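The values are calculated or read from the model by the stated rules, or taken from the named source; none is laboratory data. Predicted model, so just to flag it, every value in this text is computed and none were measured. Heads up, the Cβs are rebuilt from the backbone with ideal geometry, glycines too, and the neighbour counts pull from every protein chain shown. To get the accessible areas, we keep the full protein, side chains included, count just its heavy atoms, and leave off ligands, DNA and RNA. Shrake-Rupley method; radii C 1.70, N 1.55, O 1.52, S 1.80 Å.
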Amino acid sequence: MKKRTVTYALLILSVLFPLFSNSSWITIGTTFVIYSIVSLSQDIVLGRAGMFDMGHAIYFGMGAYTTAILNSTYGVPVLLTIPFAVVIPVIFAVLLAAPIVHLKGDYLLVATLGFNIVFEQALKNNLFGITGGPNGIFGVGVPSIFGIEFSSQASIYYFSLFFLFLTLMIMNNLEASKTGRALHFINEDSLASETIGINTRFYKIFAFAISAALSGLAGVAFAVQYSTVSPEAFNFIQSVLFFTIVIVGGQSSIPGVLIGTFLMFVVPEIFREFATARYFVFGIAMILTMILRPKGIWPVKFGRIPKYIRH
Amino acid sequence: MDNDRLLIVEDVEVSYGNIQAVKGISFDVRKGEIVAILGANGAGKTTTLRAISGLHKIEKGSIRYKSFEITSVPAYKIVSIGISHAPEGRRIFGTLNVRENILLGAYTMQSIDDERLHWVYSLFPRLQERQNQLAGTLSGGEQQMLAIARALMSKPEMLLLDEPSLGLAPILVKTIFNVIKEINNAGVSVLLVEQNARLALQLADRAYVLEVGKIAISGSTKDLLSSTKVQEAYLGKKSNR
Ligand SMILES: Nc1ncnc2c1ncn2[C@@H]1O[C@H](COP(=O)(O)OP(=O)(O)OP(=O)(O)O)[C@@H](O)[C@H]1O
Ligand SMILES: [Mg+2]
């Protein structure tokens with residue numbers, strides 16, 4: 001199939017990319033990879049389950065801070081911080097989502113936004129004396145196995161790319177799974193889903209949990225890439241970005257979300273002199289997309305999706 | 001006679017915030033019956049069905065189905081115990097085709113029973129003709145058929161229908177009501193919420209009339225059809241005394 005060929009070509013290209021790129025391009029590539037993971041995970045909640053989560057930076061930030069605190073403050077090797085950087089966001093996602101998932105669109109949006117503001121304040125005010133206050137935490141190390149350090153930019157790129165592949169695999173499985181189907185039905189009509197016997201509450205919370213796990217992984221990569229974490233990187237403005245990336249790119253559409261991330265994080269780098277105008281460029285893109293392509297730049301084709309409905 | 005009472009609703013009260021929509025109602029549905037709940041807009045008919053199927057928590061009272069206390073059973077479990085709810089406003093999945101929508105009715109089943117599928121298609125031949133059409137592009141009447149068809153796939157013993165005649169042409173309403181009779185003849189008990197009192201009274205065995213959250217009148221449909229009160233208030237007839 002043609003689509004499959006293109007997919008594999010892109011995957012191979014992403015693996016070979018550092019071989020023909022200089023270090024500053026690999027840095028841009030790494031940023032793209034990390035933010036792609038967060039945007040894709042945002043899509044699970046927003047695009048697939050249809051919940052207006054405007055606080056997704058929380059889980060990304062929790063992953064990043066967990067790795068930063070454990071590694072920089074307590075000297076835990078980066079690789080060993082990964083399970084914590086996944087589990088902690090998941091626990092919080094479940095605790096935060098449980099009381100609010102029944103809320104309708106805009107109410108959920110405001111509630112999650114509120115969580116994000118509280119989260120940022122907690123980081124800034126040096127909660128429990130471990131988040132480092134407004135300056136955050138410096139000096140996060142790099143992963144190492146058997147004494148070999150992943151310190152080159154290319155190796156950090158591959159470290160992040162591994163997480164992206166994992167994310168893509170999970171999303172791919174999700175599409176063909178009972179859970180993915182349930183999320184699609186809930187998105188379309190939560191009440192009807194409930195009446196046919198879908199435990200909508202469970203699946204909504206599950207969507208938050210899996211999405212927080214992936215964002216946590218992206219957080220690990222973020223901490224390693226920048227070797228520092230600070231509150232601004234995870235404030236609600238970031239959540240707004242992830243939210244709009246999904247809407248602009250195309251909900252439930254992996255290529256759409258990747259294109260959205262590319263527009264937001266890579267295009268400004270290509271036009272270096274306009275880099276400070278990135279919000280301007282993306283703002284225009286948002287307006288034009290919503291007028292010209294209200295379903296996103298690369299919308300998913302519904303009606304073709306449910307081939308997998310036959311049990 | 002308690003064991004042929006399939007559904008027993010006792011002193012049920014339901015509120016939305018501080019507005020009480022259902023103010024202590026009691027009724028039952030016996031095995032094999034069609035029972036109608038009639039009433040004006042806002043009387044609490046939909047709320048009553050939502051309470052039974054667990055979509056809305058009740059404040060007081062109890063709901064029993066067979067020997068189960070289902071008062072606090074969550075909505076997604078209700079379908080597995082034999083009650084199927086075709087909610088108000090059709091609520092079909094517009095991005096799926098007709099066949100997929102119907103099959104989804106069997107979401108909680110281990111597998112899809114082909115015999116059941118044939119039966120459902122025989123009730124609604126129109127849906128079979130259009131099985132590959134996107135459900136969102138069906139006409140209102142066809143969507144209503146689809147909602148009922150979907151609700152039948154879980155092999156319910158009890159069907160909750162919320163205004164199946166809403167927005168349909170009179171001829172189509174007759175068709176749908178005939179199908180409801182046929183479903184009932186196959187052994188499914190039906191609790192039917194309707195505003196079309198005349199047709200509902202012709203179809204049902206018994207009826208309850210709700211007025212602002214309370215049962216105002218109840219009885220066999222034969223009695224209700226000849227009651228002057230019902231005729232004046234719900235059938236638009238002037239009494240000629
Ligand atoms: N989600 C809600 N929030 C607040 N009030 C509600 C809600 N749903 C229903 N109500 C109120 O509860 C009362 C009963 O509503 P219900 O939908 O049960 O009426 P109904 O008999 O089904 O009317 P209709 O024939 O118009 O469908 C109404 O006064 C309505 O305004
Ligand atoms: Mg109603």
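For the stretch B:224-241, the candidate set comprises residues that are at pLDDT 75 or above and not aliphatic (A, V, I, L, M); within that set, the residue that is farthest from residue B:41 (Cα to Cα) is B:226. Based on this model, can you work out whether residue B:41 counts as away from ligand 2 (no atom under 16 Å from the Cβ) and either facing another protein chain (nearest Cβ under 10 Å) or farther than 21 Å from residue B:8 by Cβ (or both)? No; evaluated as a whole, the condition is false for this residue.
In a residue-by-residue description of the stretch B:18-36, the property of being within 17 Å of residue B:191 (Cα to Cα), within 14 Å of another protein chain (Cβ to nearest Cβ) and within 16 Å of ligand 2 (Cβ to nearest atom) applies to no position.
Before we move on, is residue B:218 away from ligand 2 (no atom under 16 Å from the Cβ), within 17 Å of residue B:43 (Cα to Cα), away from chain A (no Cβ under 14 Å) and open to solvent by 10 Å² or more (accessible area, probe 1.4 Å)? Spelling it out, residue B:218 is indeed away from ligand 2 (no atom under 16 Å from the Cβ), within 17 Å of residue B:43 (Cα to Cα), away from chain A (no Cβ under 14 Å) and open to solvent by 10 Å² or more (accessible area, probe 1.4 Å). The residue of the stretch B:72-86 that is most open to solvent (accessible area, probe 1.4 Å), among those that are within 7 Å of another protein chain (Cβ to nearest Cβ) and out of contact with any helix residue (DSSP H, G or I) (no Cβ under 6 Å at 6 or more places or on another chain), is B:80. Only one of the numbered conditions (1) open to solvent by less than 70 Å² (accessible area, probe 1.4 Å); (2) within 17 Å of the chain's Cα centre (by Cα); (3) within 26 Å of residue A:184 (Cα to Cα) is violated by residue A:28, and that is (3). When restricted to residues that are within 18 Å of residue B:89 (Cβ to Cβ) and either more than 10 Å from ligand 1 (Cβ to nearest atom) or part of a strand (DSSP E or B) (or both), the stretch B:18-53 contains 5.
Only a single criterion out of (1) over 18 Å from residue B:160 (Cα atoms); (2) assigned to a loop (DSSP other than H, G, I, E, B); (3) facing another protein chain (nearest Cβ under 10 Å); (4) open to solvent by 30 Å² or more (accessible area, probe 1.4 Å) is not satisfied by residue B:89, namely (1). Looking at the stretch A:182-195, which of its residues are open to solvent by 10 Å² or more (accessible area, probe 1.4 Å) and at the interface with another protein chain (Cβ under 9 Å from one of its Cβ atoms)? Hits for the stretch A:182-195 are A:184, A:188, A:189, A:191, A:194, A:195. Would it be correct to say that residue B:104 is closer than 26 Å to residue A:201 by Cβ and at pLDDT 95 or above? No. Could you check how many residues of the stretch B:179-205 are under 14 Å from the mean Cα position of the chain (by Cα) and among the basic types (Lys, Arg)? Matching residues across the stretch B:179-205 total 1. Limited to the stretch B:121-169, what total is found for residues that are among the aliphatic types (A, V, I, L, M), more than 14 Å from every other protein chain (Cβ to nearest Cβ) and closer than 29 Å to residue B:65 by Cβ? Final tally of qualifying residues: 4. All of (1) surrounded by fewer than 19 Cβ atoms within 10 Å (Cβ to Cβ); (2) away from chain B (no Cβ under 14 Å); (3) in a helix (DSSP H, G or I) hold for residue A:123 with one exception: (1).
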